[in-house]
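These notes concern the structure reproduced below.
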Amino acid sequence: MSTDTLYAQLWERLQAVDRLMLTTHRNPDPDGLGAQLGLDYLLRSSGKDSLILNHDAVFARLRFLDPERRVRSLQEDYSPDGTQNRTVVSLDNSDTNRLGDIGRFIEPDKSNLVVIDHHDGIPSDYHTYFLNADIGSTAEIVYELIQYVGLELTPAVARALYAGIVQDTGHFRFKKTRPETHRIAAHLLEYGVDSAVMAEALDSGFPVGRLYARQRLYEGLQLSANERIAWFVISQQDMRELNIDWDDLDGVVNELIEPDTVQIGLLFTIRETGKTRVSLRSRGPVDLLPAVRPYGGGGHKNACGVTIPLDIDRAVREFLPIVEKCLVETSAFDSNAV
Ligand SMILES: [Mn+2]
């Protein structure tokens, strides 16, 4: 099916309803937020009643993306009035379990659910979705939908979409970065987006606790499987002491795969008794999804996450051998494979 046909179908689906709720995964990131703000603009411009509602509030350092404060959250005691009878559009997320309490607005048969996402893999019981795992960000999908409809962007929407693209392509470095990605970014810059200001805004603004967290993490750094796996652990109590949030550790796990021998990096975080969250990163041909899927985790081949229903020690013991199976022969890192 051609891309235009997919956008035509998606637009037809969205136009068929008047009341929509745009949501994204818990701990919204720039791609989820950018996609929400872009689609919200498109829907409102088309006369629709659009509400952006997430489980979690927008992290303070990302609030600059939403100057009009369109993004609401259940966390900030948002009044539930007006949430009923809406078609729920899940952006940058195909897993209803990652929506937190927003899931309660979705009908059991998912008939009022539309998914727009670019993650790898999608549950088979979805009726209505727009999925393209070859695209580097959901913001690009929303951009292309806006272009399909023929609506002029605004500087604020251009900025939000640009942030999503930059974040999810790792500043145009990751594998899913297409020639079209650069063309879209170029077009967004024409609306006055300042790439240097955006890069600084997205990569800084963290509390100093991020540095102390690194100190603790690296003190406990472990390497296994002939230095092909690197991992470290942080607890909820550490984070409380350092006065930091999960978002404040964003990207730290990426550092683990910088050395030439390391193929897989893991950040284990103790959330509560009997629950260990793992953020995973890998290089090139190393596909991590087979390790996380049995636990209900997901994401991208080289960047994903999972919650393991065990205390930290047992989680590490059980999960490391599973992750080890994802390692590949070093020869797979030749230029063709990567
Ligand atoms: Mn994304």
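Each reported figure results from applying straightforward, stated rules to the coordinates on display, with no laboratory input. From a predicted model like this one, the values you see are computed outputs, not experimental measurements. Here Cβ is always computed from backbone atoms with ideal geometry, including for glycine, and neighbour counts include all displayed protein chains.
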One point scatterer per Cα, no solvent, Debye formula: log10 I(q)/I(0) for the stretch 209-333 at q = 0.19, 0.20 Å⁻¹ comes out as -1.03, -1.14
Among DSSP beta bridges whose residues both lie in the chain, state the antiparallel percentage, nearest 5. 45
Provide the gained length on full extension for the span ASN132 to PHE64, in nm with one decimal, where the gain is 0.36 nm per separating residue minus the Cα-Cα distance. 21.7 nm
Is the shape of the chain best called rounded, prolate or oblate, per the rule: a/c under 1.5 gives rounded, else a/b larger than b/c gives prolate, else oblate, with a ≥ b ≥ c the square roots of the Cα gyration tensor eigenvalues? prolate
Can you list residues from other chains, or at least 5 along the same chain, whose modelled amide H is less than 5 Å from the amide H of GLY298? GLY305
Once you mark the GluC sites (Glu not before Pro) that are in a DSSP loop and have at most 16 other Cβ atoms within 10 Å, what is the longest gap between them in the chain? 228-328
Computed [θ] at 222 nm, deg cm²/dmol, the chain (DSSP H ≥ 4; -39,500 (n - 2.57); rounded to nearest 500): -10000 deg cm²/dmol
Within the chain, which is the longest segment containing none of the trypsin sites (Lys or Arg not before Pro) that sit in a DSSP loop and have at most 11 other Cβ atoms within 10 Å? 174-324
How large is the dipole of the stretch 209-333 about the Cα centre if only Lys and Arg carry +1 and Asp and Glu carry -1, each at its Cβ, rounded to the nearest 20 debye? 300
Quick check on the exposure proxy: order TYR212, TYR41 from fewest to most C-beta atoms within 10 angstrom. TYR212, TYR41
For VAL17, VAL71, VAL306, what's the fewest-to-most ordering of other Cβ within 10 Å of each Cβ? VAL17, VAL306, VAL71
What distance in nm separates the two pseudo spin-label positions at LEU151 and GLU12, each 7 Å out from Cα along the beta-carbon direction? 2.0
Fewest to most Cβ atoms within 10 Å: PHE174, PHE105 sort as PHE174, PHE105
Percent relative contact order for the stretch 209-333, counting Cα pairs under 8 Å at least six residues apart, stands at 20
